[in-house]
Amino acid sequence: MKKSNILATLLLGTVGIFSGCGSDGLSTTTADAFTYSVNVTNLTAGQPMSPVLITSSSIYHVGESASAGLEKLAEGGDNSELLSTDSVSGTGLLTPSSSEILTINTQKQTLSIATMLVKTNDAFAGIESYDVASLKVAQSTTLFLNVYDAGTETNDETNTTVPGLGGEGYNAERETANIVTLHSGIISKNDGLVTSNLNSLEKFNNPALKVVITRTK
Amino acid sequence: MKSTLTKIALSSALLLGSSLVASDIEVKITNLTKGISFTPLLVCAHNADTKLFMGGVPASANLKAMAEGGDISGLVSDLDAVNANSVQNPAAGLLAAGATTTTNLTTITGNDYLSVVAMMLPTNDGFIGLNGIQIPTTAGTYTYTLNAYDAGTEANDELASNIPALATGSGATGINTSAEGFVHIHRGNIGDFDSSGGVSDLNAQTDRFLNPVASVLITVK
């Protein structure tokens, strides 16, 4: 993250362009930067989550097609395409019941969050452009995130398509409807989908991720 | 329910002379589900004493008509009787999965509470419900997420013969046989994978849903 900013800055030969980037000290407009400490907790019984992405940019809109970057996150847990300035990624899988504290430095007072439920085809827990402008330094707010369906891959729940079962991650093909919606839940082989390789432990309900945002600067 | 509405109607008739515009709000409703449609929406602002439904309490006949068949006309009559401000069917038909509709609502003094209902298809008597939230007075945008309720007036047998406009599925034996008797949070569709038999005429994958099922974004100007 830091390295890529430095590289980009060197390539473009200017710091001024990065007025929206106060995270690494390169920007000349750090005076109004904000810092948020974000504590995320996986609330599911058996759904590991991919490295949590927190960004000040928009990630998704219900009823619209997922971006390629979101598709890669939701199908394969790869958040690299959505990482940019004003964003941060978790260090690894967030397993059920575990927590991680991430710190984001940003010029904007909105936060978007996304993490794949890796034992699904294309489910992610998320929130889009949540407004934190009312938070003063040292104040906190708690959110409970629901699970969305990226709408990019059919929910067949099989070994070959679910990365958390050893199957394929990202695949550029899209399912017919191709819109982001709330997820309708996985079915599992225990609940009537005989071709599913998921079991009842991997079922989830809303909410799936607890998020405590504390403004520290 | 009905008697409450009547009583309120009488008391608010006395206040008709003071029907000033209280607020002008924009209401944006999004169907969050992957495969459920909403029948014509009813968006209304009403007084503090009016409730379209209450959890744990039997549904009114007009709520039943909405939840089982998508007919909002009875609820509109109830609301008219208490001088509520209503918008009917802003989406001009079904609101499809993932779709959004926006409407404006001008309220008169005293109608400070917002409700939104619509039947969910395909269900026996499931509906989305925003149940009398107090309309904010400070300019800004406010988001609410809506759960699916079950009107409790019809058994969740999941049979095509009891679900309006069910495109696929027939020949099932049915699941539940009796209505629950009171409004409650919907427990979801069951469905199966046998479109010409089995226990349900619904599909266990495409017709399922989890809460929340809708979002309402209010903009106070």
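The values are calculated or read from the model by the stated rules, or taken from the named source; none is laboratory data. These numbers were taken from a predicted model, which means no experiment stands behind them. For neighbour counting, all protein chains shown are included, and Cβ atoms are generated from backbone atoms with ideal geometry for every residue, glycine included. Surface areas here come from the heavy atoms of the whole protein model, side chains and all, with no ligands, DNA or RNA. Shrake-Rupley method; radii C 1.70, N 1.55, O 1.52, S 1.80 Å.
FRET efficiency for the pair A:Ser200 and B:Thr177, taken as 1/(1 + (r/R0)^6) with r the Cβ-Cβ distance and R0 = 25 Å, rounds to 0.45. Between amide H atoms placed 1.01 Å from N, distances below 5 Å from B:Ala214 occur with B:Leu32, B:Leu146, all of them 5 or more places distant or on a separate chain. Carbon-plus-sulfur accessible fraction, chain A (probe radius 1.4 Å, protein heavy atoms only): 53%.
Taking the dipole about the Cα centre of the protein assembly as shown, with the C-beta of Lys and Arg at +1 and of Asp and Glu at -1, give me whichever of A:Ser65, B:Val82, A:Thr91 is farthest to the positive side. Going by the charge dipole, the pick is A:Thr91.
Magnitude of the charge dipole for the stretch B:29-89, about its Cα centre and with charges confined to Cβ atoms of Lys, Arg (+1) and Asp, Glu (-1), is about 240 debye.
Using Cβ point charges alone (K and R +1, D and E -1), the dipole size of the stretch A:112-215 about the Cα centre works out to roughly 580 debye. Cross-link candidates for A:Lys203: which aspartates and glutamates have Cα within less than 12 Å, leaving aside residues fewer than 8 places away along the same chain? Within reach: A:Glu157, A:Asp191. Taken about its Cα centre, chain A carries a charge dipole of about 880 debye when Lys and Arg each add +1 at the Cβ and Asp and Glu each add -1 at the Cβ. Look at the alpha carbon pairs under 8 Å that are at least 6 residues apart: their mean separation over the length of the stretch B:47-106 gives a relative contact order of 22 percent. With a threshold of 25 Å on the Cα-Cα distance, the over-threshold entries among A:Lys189/B:Lys64; A:Lys210/B:Lys34; A:Lys217/B:Lys221 are A:Lys189/B:Lys64; A:Lys217/B:Lys221.
Of the trypsin sites (Lys or Arg not before Pro) found in the stretch A:109-211, those in coil by DSSP whose Cβ has at most 12 other Cβ atoms within 10 Å are A:Lys136. Contact-buried residues of the stretch B:75-119, at a threshold of 40 Å² lost accessible area versus the chain by itself: B:Gly98 (1.4 Å probe; DNA, RNA and ligands ignored). Available extension along the chain between B:Thr206 and B:Asp194 is 3.0 nm, counting 0.36 nm per residue and deducting the alpha carbon span.
Against chain B, whose longest principal axis comes from its Cα atoms, helix B:2-13 is set at around 20 degrees. Where the centroid of each part is defined by its Cα atoms, how far is the stretch B:24-102 from the stretch A:163-186 in Å? Cα centres, the stretch B:24-102 to the stretch A:163-186: 32 Å. The angle between the Cα long axis of helix A:2-12 and the main principal axis of chain A comes to about 60°, on a 0 to 90 degree scale. Were the residues from A:Ser98 through A:Asn171 laid out at 0.36 nm apart, the gain over their Cα-Cα distance would be 23.4 nm. In order along the stretch B:67-79, phi translates into HN-Hα couplings of 6, 8, x, x, 8, 9, 4, x, 5, 4, 4, 4, 5 Hz, rounded to whole numbers, per the Karplus curve 6.51 cos²θ - 1.76 cosθ + 1.60 with θ = phi - 60° and x for Gly and Pro. Could you sort the residues of the stretch A:161-196 by number and keep only those whose accessible area is reduced by 40 Å² or more in the all-protein-chain setting relative to the chain alone, 1.4 Å probe? Those are A:Thr181, A:Leu182, A:Ser184, A:Ile187, which lose 40 Å² or more relative to the chain on its own. The B-A contact accounts for approximately 1400 Å² of buried accessible area, totalled over both chains at a 1.4 Å probe radius. Dipole of the stretch A:157-217 computed with +1 at Lys/Arg Cβ and -1 at Asp/Glu Cβ about the Cα centre; of A:Val211, A:Ser196, A:Asn178, farthest Cα towards the positive end is A:Val211. A Gaussian network model of chain A, with springs between Cα atoms under 10 Å, assigns the largest mean-square fluctuation among A:Ser87, A:Ser56, A:Ser188 to A:Ser188. Taking the helices alone, the protein assembly as shown has a mean residue ellipticity at 222 nm of -3500 deg cm²/dmol, built from -39,500 (n - 2.57) per DSSP H run of at least 4 residues and averaged over all its residues. Under 5 Å from the amide H of A:Tyr130 lie the amide H atoms of A:Leu111, A:Ser112, each residue being 5 or more positions distant or on a separate chain, with H modelled from the backbone and absent for Pro and chain starts.
For the protein assembly as shown, the solvent-accessible area with a 1.4 angstrom probe is 41 square angstrom per residue. Couplings for the stretch B:167-184, taken from phi via the Karplus curve 6.51 cos²θ - 1.76 cosθ + 1.60 with θ = phi - 60°, read 6, 10, x, 6, x, 6, 8, x, 9, 7, 10, 10, 6, 6, x, 8, 6, 7 Hz in order; Gly and Pro are left as x. At the listed q of 0.09, 0.14 Å⁻¹, the Debye profile of the protein assembly as shown, built from one uniform point per Cα, gives log10 I(q)/I(0) equal to -0.65, -1.28.
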